[in-house]
Every structure is written in structure tokens, then in C-alpha cells.
Amino acid sequence: MRRDYTEAEQLKIVESIPLAFAPGTSWSYSNLGFLTIGILIHKVTGEFYGDFLQEHIFLPLGMQTTRIISEADIVPNRSAGYRLVKGELKNQEWVSPTVNTTADGSLYFSIMDLAKWDAALYTEKLLKQSSLDEMWTVAKLNNGQPNSGHYGFGWFVVTKNGHRVVEHEGAWQGFETQISRYVDDKLTVVILTNLDDAKPEVFADRVAEMYLSGTVK
């Protein structure tokens, strides 16, 4: 795995960006938090975060295709990412390989691997139930009020048509994805697209609506 984006360089990035607000007083989604988690994983374990994920999550769950992005690896059936420019289909914009060594995304995965990931979240294979419950609870600010983004720990926690949903979207290098877990209904909808700005959350909501209404069985 690439390690050419050094931890010292990552720390400089983190330290160079001023706080948007005092901790605990407001909320704003930021990939910088995930980058920082990658640094902390290395500080605590001594391992590159990608190796840590392979050892403790991907391999134990049998997620055979999931890995940190590597343009050098030959990945069978790998999709290419695209974008629309004035209505014309274009290849993804070039991204330096060093950007894909931080913990704010940068993963290859398949739908079968995500099914294994989803199944594991109904068990305690990865985390205790108390930790999962905390992860899927909207974090509160210092004033005791829930944050405005309805965000837990790495998941948005919302209600859609009376159903509790924990979900997240992702976008990178001409790809957009969505995972929506209707936890009380034991329903998970995953949408993977290889087009920038494809709005996969719209498809996920519609699929869930059709399934839960009994339109699709």
C-alpha cells in the first residue's frame, strides 16, 4: 500500500486549518475529522490505517475486494469514474496518488463486500452493541441540544416516512455512493454509481419507498 503522504505532512494540514467554531458549540461536516482519525490510528497502533482496516475489518469479514485505492493494482472488473461537462461525458479528473493515502475515504469495494459489512453491523463482530448504539445516536452539543446535521459517529441519523434510517453518502474521482440502513426494518439499500453528481440518495430513497410500501417484493 502507498504511504507516500507522510504523517508529518498530514499533521501540517490539520494544524494549518483554524477551528471553524469552538468545540461542542456547533456542527459542520468535514473530511478533516476522518483524516485525523487515520493519524490517530497510526499513533496508537503504529500501523498505517489501511493496513489496520485490512487486519481488523476487511479480512475478518471476508471483504476480499475492499482495499485502499491503488492505481498500480490490477483489479478485475474495476469501474471507471466519469463526470458530465456541459452535457458531455468526460473521464474523472486526475488525482495525485498521495491524496489517496489519507483516511477520509479512498476505498475500492464491491456490492458483495458491502453486503458483508452490512450483515456485520447487525452483530457484535466489530463493535459492542453499546458502541453501535452510540454511533447511531445524534451527538449533542455542549448546550445539550442535538447537532443540526443529525450526525452520530460517521453516520447521519434520520427518520424517513416514519422509519429510522442511518445513512451516509460518498463522492470521489467520478464516483458517488449511498448506503441507507433502515435498521428497524432490516432493510439496507446501497447505490453505487460511476458518475459524478449522480445523486444516488434519490435512488436509494425511492427503492426503499417501493420496498417498504410493498410495491416491490
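No value in this document is a laboratory result; all are computed from the given coordinates. This is a predicted model, so every value here is computed, not measured. Glycine also receives a Cβ, built like all others from the backbone with ideal geometry; neighbour counts cover every protein chain displayed.
State the extension gain, in nm to one decimal, for the chain segment bounded by Val202 and Glu169, taking 0.36 nm per residue of separation less the distance between their alpha-carbons. If you can, show how the numbers build up before the last one.
Details: separation 33, 0.36 × 33 = 11.88 nm, distance 1.11 nm.
This chain segment gains 10.8 nm when fully extended.
Pull out the extension gain between Leu19 and Asn143, defined as 0.36 nm times the separation in residues minus the alpha carbon to alpha carbon distance; nm, one decimal. Walk me through the numbers before you get to the answer.
Working: separation 124, 0.36 × 124 = 44.64 nm, distance 1.88 nm.
Full extension from Leu19 to Asn143 adds 42.8 nm.
Collect residues whose amide H, placed 1.01 Å from N in the peptide plane, falls under 5 Å from the amide H of Gly81; neighbours closer than 5 in sequence don't count.
Correct list: Gln92.
Using Cβ contacts closer than 10 Å as the measure, can you line up Ser70, Ser106 from fewest to most? Provide the component values of the computation, followed by the final result.
Numbers: Ser70 16, Ser106 21.
Ranked by crowding around the Cβ, least crowded first: Ser70, Ser106.
Which order results if Asp118, Asp197 are arranged by neighbouring Cβ count within 10 Å, fewest first?
Details: Asp118 16, Asp197 10.
Fewest-to-most Cβ neighbours within 10 Å comes out as Asp197, Asp118.
What full-extension length gain, to one decimal in nm, is calculated for Asp184 and Phe153 as 0.36 nm per residue of separation minus the Cα-Cα distance?
9.3 nm
Note down the nm distance, to one decimal, between modelled labels 7 Å out along Cα→Cβ at Asn194 and at Lys43.
3.9 nm
First measure r as the distance between the Cβ atoms of Ala80 and Phe34, then evaluate 1/(1 + (r/R0)^6) with R0 = 35 Å and state the FRET efficiency to the nearest 0.05.
My answer for the efficiency is 0.90.
Long-range amide H contacts for Arg164: which residues qualify at under 5 Å (H placed 1.01 Å from N, peptide plane, sequence gap of 5 or more or a different chain)?
Residues meeting the criterion, in which the H sits 1.01 Å from N, are Asp184.
Using a 7 Å offset from Cα along Cα-Cβ at Thr123, what residues in segment 36-77 end up with backbone N under 19 Å from the label point?
53-66
Taking θ = phi - 60°, what integer Hz values does the Karplus form 6.51 cos²θ - 1.76 cosθ + 1.60 yield along segment 32-44, in sequence order, with x for Gly and Pro?
Each residue's phi maps through the Karplus curve to give 4, x, 6, 4, 5, 4, x, 5, 5, 4, 5, 4, 7 Hz.
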